[in-house]
Amino acid sequence: MNLPDSKQGEVWRQALRKVFDTEIATMDLPERSNLSPADAEQCRILGRTLIQWLEGHGPLMLQERAFIEETLHEPTEPDIIFVSSTPGLVAARQILNPKPERVFYFPADRFDAFCEAHPDPEFYWHVTYQSDFPELDAEEIERAKKEHPIEPAEKYWLHREATTMGPLFGRGGNHLWKWDGTRQKLLQEGFSSWIS
């Protein structure tokens, strides 16, 4: 097993900070007041769950991660990467102001590109919390229609949350919402979930 090297970790962290400062912190994001009604509601939901993760779920999972690491090697203090879509990034920019030293936010494609250039497959130097609203797949739509029928003018939203603390240490779940063009309503928390 390769053990983490603090010098490699510092190089990785410097690269992360450089990309964040030059590409992400300066990224053109809309003002919250300029979001569409749907995006504004998603921004509110994603912001609330980011706060809940930072204040509750995340620290507990980081404690669990540190305990597991103690049996393998000297524990590392990871950077926390919040990965989201535009409404979530708008929320993160507002919530993380001033930005804590070890917490960052990225769109998924930009963070994937960063990880390709600066791999950390063992998650020595980072953990991720992903929260966004992806499109439902056909199977999810059929299940939603059976379990939670909606009106023709309404639309399903799937809120995806996933935390990855290591190669085999992750947890996630999807929550089903509906949107009627004016307001949202949670139909089922934990519509699906997974753990590794």
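The values are calculated or read from the model by the stated rules, or taken from the named source; none is laboratory data. Since we're looking at a predicted model, the values are computed, not measured. Every residue, glycine among them, receives a Cβ derived from its backbone with ideal geometry; neighbour counts consider all protein chains shown. The accessibility values were calculated without ligands, DNA or RNA, using every heavy atom of the protein model including side chains. Shrake-Rupley method; radii C 1.70, N 1.55, O 1.52, S 1.80 Å.
To test your reading of the geometry: what angle, between 0 and 90 degrees and rounded to tens, separates the Cα axis of helix 108-117 from the longest principal axis of the chain?
The two axes meet at around 20 degrees.
Using modelled backbone amide H atoms (1.01 Å from N, in-plane), which distant-in-sequence or interchain residues come within less than 5 Å of Gly170's amide H?
For Gly170, the qualifying residues are Met165, Ser196.
Kindly rank 76-82, 26-32, 86-92 from highest to lowest mean number of other beta carbons found within 10 Å of each residue.
Top to bottom by mean Cβ count within 10 Å: 86-92, 76-82, 26-32.
What list of ³J(HN,Hα) values in whole Hz, one per residue of segment 56-68 in order, does the Karplus curve 6.51 cos²θ - 1.76 cosθ + 1.60 (θ = phi - 60°) give from phi, with Gly and Pro shown as x?
My calculation for segment 56-68 gives x, 4, x, x, 5, 5, 5, 5, 5, 4, 4, 5, 5 Hz in order.
Could you tell me the distance between the Cα centroids of segment 141-196 and segment 1-55, to the nearest Å?
22 Å
Under a crude label model (7 Å from the Cα following the beta-carbon direction), how far is Met27 from Leu60 in nanometres?
Between Met27 and Leu60, the simple spin-label model gives 2.9 nm.
Applying the Karplus parametrisation 6.51 cos²θ - 1.76 cosθ + 1.60 with θ = phi - 60° to the phi angles of segment 135-140, what ³J(HN,Hα) value in whole Hz is obtained for each residue in order, glycine and proline being reported as x?
Values per residue, Gly and Pro as x: 5, 6, 7, 4, 5, 5 Hz.
With a 1.4 Å probe and every protein chain left in place, work out the accessible area per residue of the chain in Å², rounded to a whole number. Working shown, then result.
Values: 11140 Å² over 196 residues.
With all protein chains present, the chain gives 57 Å² per residue.
What does the net charge come to around Asp180 if you take all other residues with beta carbon closer than 15 Å to its beta carbon, with K and R at +1 and D and E at -1?
Spelling it out: positives minus negatives among the neighbours equals +1.
Can you give the angle from 0 to 90° between the axis of helix 6-19 and the longest principal axis of the chain, with both taken from C-alpha atoms, to the nearest 10?
40 degrees
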